[in-house]
Amino acid sequence: MAEWLLERYPDEQEGALGPRHAHLVSRTVLAEIADQVGLSASLQISPHEEDAGIRRLSSIRADAMEALLGALYLDGGLEPARRVVHQYWQSRIESADRPHKEPKTLLQEYMLSQGLPLPHYELLSSDGPSHAPVFRVSVTTMGHTGTGEAGSKRLAESAAATALLKHLGQNVAS
């Protein structure tokens with residue numbers, strides 16, 4: 001991924017490529033691509049873990065996608081792995097022309113631009129087993145609320161910020 005970014009943006013400073021790279025290899029993007037290739041359906045999960053919702057956790061799907069890419073590399077070498085990365089990340093690389101901002105940052109910038117108070121995040125619940133927790137978070141400002149659920153507090157806060165931004169009629173790039 002880093003090689004691809006350096007080829008695409010040869011004149012850009014390394015510091016400017018960092019956020020793009022971080023987004024492209026993030027748990028969120030890996031989980032989205034795992035969904036795109038239908039990887040979740042291939043995961044062997046015990047009935048107990050299935051009941052606990054393990055399959056839908058972004059961390060599990062992202063880890064599975066990383067494992068698949070690693071297996072491609074180990075079994076076939078760099079070129080097959082590179083082809084898969086190019087196939088499934090092409091549109092994301094093209095959208096990387098616009099630097100990615102996290103939903104929490106976008107929400108804060110929106111609130112400041114409107115002269116409104118900053119949002120308040122609250123942990124609503126933390127459920128599930130310790131190895132696969134599910135956090136539910138709300139974010140509130142000016143009587144508007146968004147909620148999000150994810151396998152980490154940070155990702156749940158991000159999902160909540162996305163929900164609130166959409167509620168406020170703001171575009172949220174993924």
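Just so it is clear, none of the values below were taken in a lab; they were calculated from the coordinates. Bear in mind that the values here come from a model prediction, so they are computed numbers and not experimental data. FYI the Cβ positions are ideal-geometry reconstructions off the backbone, even for glycines, and counts take in every protein chain you see.
Numbers for the structure displayed
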read-out	value
Backbone N within the stretch 131-170 under 12 Å of label point (7 Å from residue 120 Cα along the Cβ vector)	139-144
FRET efficiency, 1/(1 + (r/R0)^6) with R0 45 Å, evaluated for residue 2 and residue 45 via beta carbons	0.90
Order by protection proxy (mean Cβ within 10 Å, highest first), peptides 70-79, 141-150	141-150, 70-79
Theoretical ellipticity at 222 nm over the chain - DSSP helices of four or more residues, -39500 (n - 2.57) apiece, nearest 500	-17500 deg cm²/dmol
Anchor residue 101: aspartates and glutamates whose Cα lies under 13 Å away (excluding residues fewer than 8 positions away in-chain)	109
Alpha carbon centroid spacing (whole Å) that separates the stretch 16-94 from the stretch 130-154	23 Å
Value in Å of the Kirkwood radius, where the chain supplies the Cα pairs that are averaged	17.9 Å
